[in-house]
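> Input: one structure, supplied below.
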Amino acid sequence: MRQAARVLSTDALRDLRSALARFSARARDGLRSALLETRHTLDWLDKQLDMWRRTAEKRHEDVLRCRSELAVARSAPENLRSAATEREIDLKKALLRLREAEDKVAAVRRWKQLLPQIVNEHELPMRRLSGFLDGDVQYALGQLDNKIDQVQAYMALTAPEAPATSTERKP
């Protein structure tokens, strides 16, 4: 003899469907955020490269100015040469600032080369996750909806009346 399933509620299935839908939405938001952040970083690197190039140009001009001032100070008479020491210090500082700007330009260029490669390495897994969310999760949500409907239809059925037993005979 078959035993009937005792299904009293579809709450657990509805909770699972709700959790899966929330997961899907959050994962999509995470993918979008990662994409936007990547674009933002690439744009930021472009701006940084422009800024450090301009800074390097200005600092190069400062170095040229300091060299010119040092040459003028060195050509001054002996009693006015103390200014030359100050100009040498100014030149060293200007050279250090120029070197810093050039190092920043080189670093930004390196990152502009490396970052797209790194992004490409992560792009395939991101596309797979996106495909999973668009295909498999949506299919699973539809399947859960169908199963919930089927269980509710089953719960709405009434059991047939049991046949009369042999002890209940009619005269």
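> Lys and Arg at +1, Asp and Glu at -1: add these up for the other residues within a Cβ distance under 12 Å of residue 46 and post the number.
Around residue 46, the surrounding residues sum to +3.
> Can you tell which of 46, 11, 145 shows the greatest fluctuation in a Gaussian network model of the chain with Cα springs below 10 Å?
Highest fluctuation of the listed residues: 11.
> Which order do you get for 38, 10 if you rank them by accessible area with a 1.4 Å probe, largest at the top?
Numbers: 38 40, 10 10 Å².
Ranked list, largest accessible area first: 38, 10.
> Pull out a ≥ b ≥ c, the square roots of the eigenvalues of the alpha-carbon gyration tensor of segment 12-171, then state rounded if a/c is under 1.5, prolate if not and a/b is larger than b/c, and oblate in the remaining case.
Numbers: a/c = 9.30, a/b = 6.32, b/c = 1.47.
Prolate.
> Something else: Helix 82-131: angle to the longest alpha-carbon principal axis of the chain, degrees 0 to 90, nearest 10?
That works out to roughly 20 degrees.
> Per residue, how much accessible area does the chain show when a 1.4 Å probe rolls over the protein heavy atoms, in square angstrom? Walk me through the numbers before you get to the answer.
Numbers: 13670 Å² over 171 residues.
So the chain comes to 80 Å² accessible per residue, rounded to a whole number.
> Which net charge results when you count Lys and Arg as +1 and Asp and Glu as -1 among the other residues whose beta-carbon is under 13 Å from that of residue 66?
+3
> Would you work out if segment 1-101 is rounded, prolate or oblate? Take a ≥ b ≥ c from the square roots of the eigenvalues of the alpha-carbon gyration tensor; rounded if a/c is under 1.5, else prolate when a/b is larger than b/c, oblate otherwise.
prolate
> Mind telling me which of 35, 115, 157 comes out most flexible in a GNM of the chain, alpha-carbon contacts under 10 Å?
Highest fluctuation of the listed residues: 157.
> Let's see if you can work this out: charge +1 on each Lys and Arg Cβ, -1 on each Asp and Glu Cβ, no other charges. What is the dipole magnitude of segment 59-107 about its Cα centre, in debye to the nearest 20?
Value, rounded to 20: 40 debye.
> For a quick check: with amide H placed at 1.01 Å from N, whose amide H comes under 5 Å from residue 10's, ignoring anything fewer than 5 positions away on the same chain?
Residues meeting the amide H criterion: none.
> Let me know the number of lysine pairs in the chain closer than 17 Å at the Cα, not counting same-chain pairs under 8 apart.
Working: 47/58; 47/104; 47/112; 58/92; 58/93; 58/104; 93/104; 104/112.
The result is 8.
> Something else: May I ask you to rank 32, 87 by accessible area, largest first, using a 1.4 Å probe over the protein chains only?
These residues rank, largest area first, as 32, 87.
> So, one more: Ranked by accessible surface with a 1.4 Å probe, highest first, in what order do 18, 75 come?
75, 18
> How high is the relative contact order of segment 7-96, given as a whole-number percent (alpha carbon pairs under 8 Å, six or more residues apart)?
Reported relative contact order: 23 percent.
> Tell me, what is the percent relative contact order of the chain, built from C-alpha pairs under 8 Å that lie six or more residues apart?
Relative contact order here is 37 percent.
> Which of 41, 55, 158 ends up with the largest GNM mean-square fluctuation for the chain, with Cα atoms connected below 10 Å?
Maximum among the listed residues: 158.
The values are calculated or read from the model by the stated rules, or taken from the named source; none is laboratory data. Owing to the predicted nature of the structure, the values given are computational and were not obtained by experimental measurement. Heads up, the Cβs are rebuilt from the backbone with ideal geometry, glycines too, and the neighbour counts pull from every protein chain shown. Keep in mind that these areas ignore ligands, DNA and RNA; they rest on the heavy atoms of the full protein, side chains included. Shrake-Rupley method; radii C 1.70, N 1.55, O 1.52, S 1.80 Å.
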